[in-house]
Amino acid sequence: MKRRQILAAAGVGLAATALAGCNKEADCSKEVAAGSAAKPQEGGGGETFHWKMVTSWPKNFPGVGVGAENFAKLVNEMSKGRLTVKVYAAGELVPALEVFDAVSRGTAEMGHGAPYYWKGKVPAAQFFCALPFGPNAQEMNAWLHKGGGLQLWEEVYKPFGVLPMACGATGVQTAGWFNKEINSVDDFKGLKMRTPGLGGEVLTKMGGTVVNMPAGEIFTALQTGAIDATEWIGPYNDQALGLHKAAKYYYTPGWQEPNVTFELDVNIKAWEMLPADLQAIVRAAARDINGDMLDDYNARNMEAMEQLKKEGVEVRRLPDDVLAKLKGISAEVVDATAAADPAATKVWAQQKAYLERLYKYAEENEKDIYNIRG
Ligand code: CA
């Protein structure tokens, strides 16, 4: 039997089988198209779409990178190959921090990254990503999906021709890896640290020097002393980067990022070409991965922290007076960042009011049970 006949006989899951069985991209397109033509009534039409997704992550990178790859697999499966998404690691098609631009200009139909990576171009993006001493993952998700956040996000990205969706969350991060002890607020003076977004701005106000770099460059920078400290995500990802082999102290808590939300970017012109059922599949897959990645982080961070401690990593808590100072400066930085950009001003006015209500509710109920439970 020729491959095409085998596929036609296979029935359900036809296109997914075709994808799994082919090696070259051109072959895949041909076989998927043939599969769709054989069963035009399945899935609402024969038209197929083959999209590229650029990402900010190294290949097979645990947590966020694998999450992006899982998103692509899920779309392929749910659409039975009518929409295939080929994932590109950082640097394969475009550099890690140019994902948003690539999707905006249509180099790729999709992208996966962290909103605050494009703060130079879109300052308001930071508010959909992470705020120092800000919302945890469930609060960010409540705001985005039920509190008006996503509509604001779409409005902010629209002039760039990009449609955003939340597609992954880290939960509470750690304060990071340090080769210098932090015993007082003065220890931040002259500290060279990799930390992006608003947390980085806070560090600058503390007298530190902020260096922004993608995942692939952090280990070497820390090991060679080009930076004194770095935060990345949490035990799971930090262990994968080998940061425990390049720094002495692992500090908690992750004041700079009580959560980071990752984004799926879709080129709006490409999006408008998709039939409604494929658009629904993309939205459903993004929602699924958004939750699944958080589950993954919660489980794996716990395991990795246990392992790191076994290997002798010294976990330290930032001193209370340092955290109090960081909190005070954070509030100033967030307000000043919002005030400096009209879109950010609008987003923060709505978000701040909403988060205050969420925090009040957490204070009355959720926080209490944690304190009692221990
Ligand atoms: Ca981080």
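Summed over region 185-212, residues that are of a type in the set (S, T, N, Q), closer than 16 Å to TRP255 by Cβ and away from the ligand (no atom under 13 Å from the Cβ) total 1. Scanning region 299-325 for residues that are touching a helix residue (DSSP H, G or I) at 6+ places or on another chain (Cβ under 6 Å) and of a type in the set (A, V, I, L, M) yields ALA304, MET305, LEU308, VAL313, VAL322.
Checking the structure you have, find out if any residue of region 214-230 is of a type in the set (Ser, Thr, Tyr), touching a Lys or Arg at 6+ places or on another chain (Cβ under 7 Å) and within 16 Å of the ligand (Cβ to nearest atom). Yes, that holds for at least one residue.
GLY312 meets each of the listed conditions (1) surrounded by 13 or more Cβ atoms within 10 Å (Cβ to Cβ); (2) on the phi > 0 side of the Ramachandran plot apart from (1).
With respect to the stated conditions, SER79 fails to be over 28 Å from ALA339 (Cβ atoms) and modelled with pLDDT under 95.
GLN256 meets all of the listed conditions (1) in a helix (DSSP H, G or I); (2) in contact with a Pro (Cβ under 7 Å, 6 or more places away or on another chain); (3) over 26 Å from GLU155 (Cβ atoms) but one, namely (1). Scanning region 162-214 for residues that are surrounded by 20 or more Cβ atoms within 10 Å (Cβ to Cβ) and small (Gly, Ala, Ser) turns up ALA166, GLY168, ALA169, GLY171, ALA175, GLY176, GLY197, GLY199, GLY200, GLY208. Just one of the numbered conditions (1) buried (at least 19 other Cβ atoms within 10 Å of the Cβ); (2) within 14 Å of the ligand (Cβ to nearest atom) is not true of THR252: (1). Cβ-Cβ distances below 9 Å connect the following pairs, each with a first residue in region 127-145 that is closer than 15 Å to TRP255 by Cα, a second residue that is of a type in the set (Asp, Glu), and a separation of six or more residues or different chains: CYS129/GLU257; CYS129/GLU263; ALA130/GLU257; LEU131/GLU257; PRO132/GLU201; PRO132/GLU257; GLY134/GLU257. Of all residues in region 94-126, those satisfying the criterion of being touching a residue at least 40 places away in the same chain (Cβ under 8 Å), more than 15 Å from the chain's Cα centre (by Cα) and under 22 Å from VAL334 (Cα atoms) are VAL122, PRO123, ALA124.
The values are calculated or read from the model by the stated rules, or taken from the named source; none is laboratory data. Being a predicted model, the structure only gives us computed values, none of them experimental. Backbone-built Cβ (ideal geometry, glycine too); neighbour counts: all protein chains shown.
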